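Visitor: Here's a structure for you.
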Number of protein chains: 2
Amino acid sequence: MSKQPDPARRSERSRQAILDAARELVSEVGYAKLSIEAIAARAGVGKQTIYRWWRSKGAVVFDAFLALSQDGDSIALPDTGDIEADLKTVMRATVAEFADPQFEAPIRALNTEIISDPELAAHYREKLAGPVDEAKKARLRSAQQAGQIAADADLDLALELLYAPLFQRWLHRSGPLTPEYADALVDLALKALRPD
Amino acid sequence: MSKQPDPARRSERSRQAILDAARELVSEVGYAKLSIEAIAARAGVGKQTIYRWWRSKGAVVFDAFLALSQDGDSIALPDTGDIEADLKTVMRATVAEFADPQFEAPIRALNTEIISDPELAAHYREKLAGPVDEAKKARLRSAQQAGQIAADADLDLALELLYAPLFQRWLHRSGPLTPEYADALVDLALKALRPD
């Protein structure tokens, strides 16, 4: 009998190849022009293999982003006990990430889509932005307990204050994204959020 | 001799019809599917009439937005001497504007385009966002002179702190846009910006 490949391992390899292909292609051609056929061809699988696991193009692309965002380190934010230092670490990393073309292009494509597609926007919030925001809020809560942030601060608004300026500047290419910008943003947001 | 229409008035009427058509169509079909042919047909003019005044679809749509944003009142912000009251007036109006479908749809279409088109983004900043931002900064400068905002505050960052959270919440449909939200945002931003 010839040696058979382990079906579970083969399955996992196909799955990974599909996610990699989706991520590469969305950077190369944009989300709008991306097709299931092109993903299948790039991944070296049949279209039916993709439809066995995902119901739509949007679903594949989301999982590709999920895999990317969970790559390497965990979702938890650093907690050294110093909220200012920790937020500056995180915001400087975020600025660097947005300046990285490999990361930048697919996130830009994704944003173009979720702006005009409310269903995709809801899916994005539930699967991608939501869990990340929860991790960020957990860090802010620990800062509240340490008395570094006002106990009655609205943490959704606090996150917007920290991240939306950076997001808008990147999205509209309206100003430089530098480590100094990240620091200035953290300083201002913490001034707004600190206890009276 | 038959009565001839005034050519200048006819010209202005055509120009206005084209801008109205562009604004209506971008709401109905989105920017990507909008064509010069469709604008011409809706406005009741020939394609060449459009190309006489504008070099591209993007140029027509921009002028349509410019006309919209300059409709009625001037670009200057209210200045009662109380920056908190004035910003709450402006931010509540902005929230209402974003909640208005007639305004919302074309701005969403425009944002989808400027995200993926750096040249359009630059044009948008120069012609539309830039002058509006200057008017907002003039109001913040007057608050600096009144000692209500720190003299050394970075006004670009101050504007982002005020508007980006609202913009992101609207763009991602990630939370309610209410007058209370506008007020909370102004309170936080002013706390960040006030003199030490």
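The values are calculated or read from the model by the stated rules, or taken from the named source; none is laboratory data. Just so you know, these numbers come straight off a predicted model, no measurement behind them. Don't worry about glycine lacking a Cβ; one is built from the backbone with ideal geometry, like all the others, and counts go over all protein chains shown.
Visitor: Step by step: first the residues of region B:10-34, then only those that are within 20 Å of the chain's Cα centre (by Cα), within 14 Å of another protein chain (Cβ to nearest Cβ) and exposed (fewer than 15 other Cβ atoms within 10 Å of the Cβ), then the one that is nearest to A:A32 (Cα to Cα). Which residue is that?
Guide: Looking at residues that are within 20 Å of the chain's Cα centre (by Cα), within 14 Å of another protein chain (Cβ to nearest Cβ) and exposed (fewer than 15 other Cβ atoms within 10 Å of the Cβ), I get B:A32.
Visitor: Listed residues B:A32, B:A64; which is in contact with an Asp or Glu (Cβ under 8 Å, 6 or more places away or on another chain), modelled with pLDDT under 90 and part of a loop (DSSP other than H, G, I, E, B)?
Guide: On the way: B:A64 fails: part of a loop (DSSP other than H, G, I, E, B).
Unique residue meeting the criteria: B:A32.
Visitor: A follow-up question, please. Where the second residue is assigned to a helix (DSSP H, G or I) and charged (D, E, K, R) and the first is under 24 Å from B:G30 (Cα atoms) and touching a residue at least 12 places away in the same chain (Cβ under 8 Å) and lies in region A:99-119, which pairs have Cβ atoms under 7 Å and are six or more apart or on separate chains?
Guide: These pairs meet every condition: A:P106/A:R23.
Visitor: May I pose another question? For region B:165-191, what are the residues that are more than 9 Å from chain A (Cβ to nearest Cβ) and either in contact with a Lys or Arg (Cβ under 6 Å, 6 or more places away or on another chain) or over 25 Å from A:A184 (Cβ atoms) (or both)?
Guide: B:P176, B:L177, B:T178, B:P179, B:E180, B:A182, B:D183, B:V186
Visitor: Which of the following residues is farther than 24 Å from B:R108 by Cα and at the interface with another protein chain (Cβ under 10 Å from one of its Cβ atoms): B:A158, B:A150?
Guide: Numbers: B:A158 fails: farther than 24 Å from B:R108 by Cα.
Every option except B:A150 fails the conditions.
Visitor: Among the small types (G, A, S) and loosely packed, with under 15 Cβ neighbours inside 10 Å: which single residue out of A:A135, A:A105 fits that description? Write out each step before concluding.
Guide: Values: A:A105 fails: loosely packed, with under 15 Cβ neighbours inside 10 Å.
Going through A:A135, A:A105 in turn, the sole match is A:A135.
Visitor: Take the residues in region A:121-140 that are closer than 12 Å to B:S174 by Cβ and not hydrophobic (A, V, I, L, M, F, W, C), then tell me which one is modelled with the highest pLDDT.
Guide: Per the stated criteria, the residue is A:D133.
Visitor: Among the residues in region A:151-173, are any at positive phi and touching a helix residue (DSSP H, G or I) at 6+ places or on another chain (Cβ under 6 Å)? Explain how you work it out, then say what you get.
Guide: Filtering region A:151-173 for residues at positive phi gives A:173.
In the following step, the residues that additionally are touching a helix residue (DSSP H, G or I) at 6+ places or on another chain (Cβ under 6 Å) were identified as A:173.
So far as region A:151-173 goes, yes, one or more of its residues are at positive phi and touching a helix residue (DSSP H, G or I) at 6+ places or on another chain (Cβ under 6 Å).
Visitor: Check region A:126-140 and report whether any residue there is among the charged types (D, E, K, R) and at the interface with chain B (Cβ under 7 Å from one of its Cβ atoms).
Guide: Filtering region A:126-140 down to residues among the charged types (D, E, K, R) leaves A:126-127, A:133-134, A:136-137, A:139.
Adding the requirement that they be at the interface with chain B (Cβ under 7 Å from one of its Cβ atoms) leaves none.
Scanning region A:126-140 turns up no residue that is among the charged types (D, E, K, R) and at the interface with chain B (Cβ under 7 Å from one of its Cβ atoms).
Visitor: How many residues does region B:138-158 hold that are buried (at least 17 other Cβ atoms within 10 Å of the Cβ) and among the polar types (S, T, N, Q)?
Guide: Result for region B:138-158: 2.
Visitor: Moving to a separate point now. Identify, from the list B:K88, B:K57, B:K47, B:K33, the residue that is charged (D, E, K, R), in contact (Cβ under 8 Å) with a residue 12 or more places away in the chain and not assigned by TED's automatic domain parsing to the domain that holds B:L185. Write out each step before concluding.
Guide: Numbers: B:K88 fails: not assigned by TED's automatic domain parsing to the domain that holds B:L185; B:K47 fails: in contact (Cβ under 8 Å) with a residue 12 or more places away in the chain; B:K33 fails: in contact (Cβ under 8 Å) with a residue 12 or more places away in the chain.
Checking each option against the conditions leaves just B:K57.
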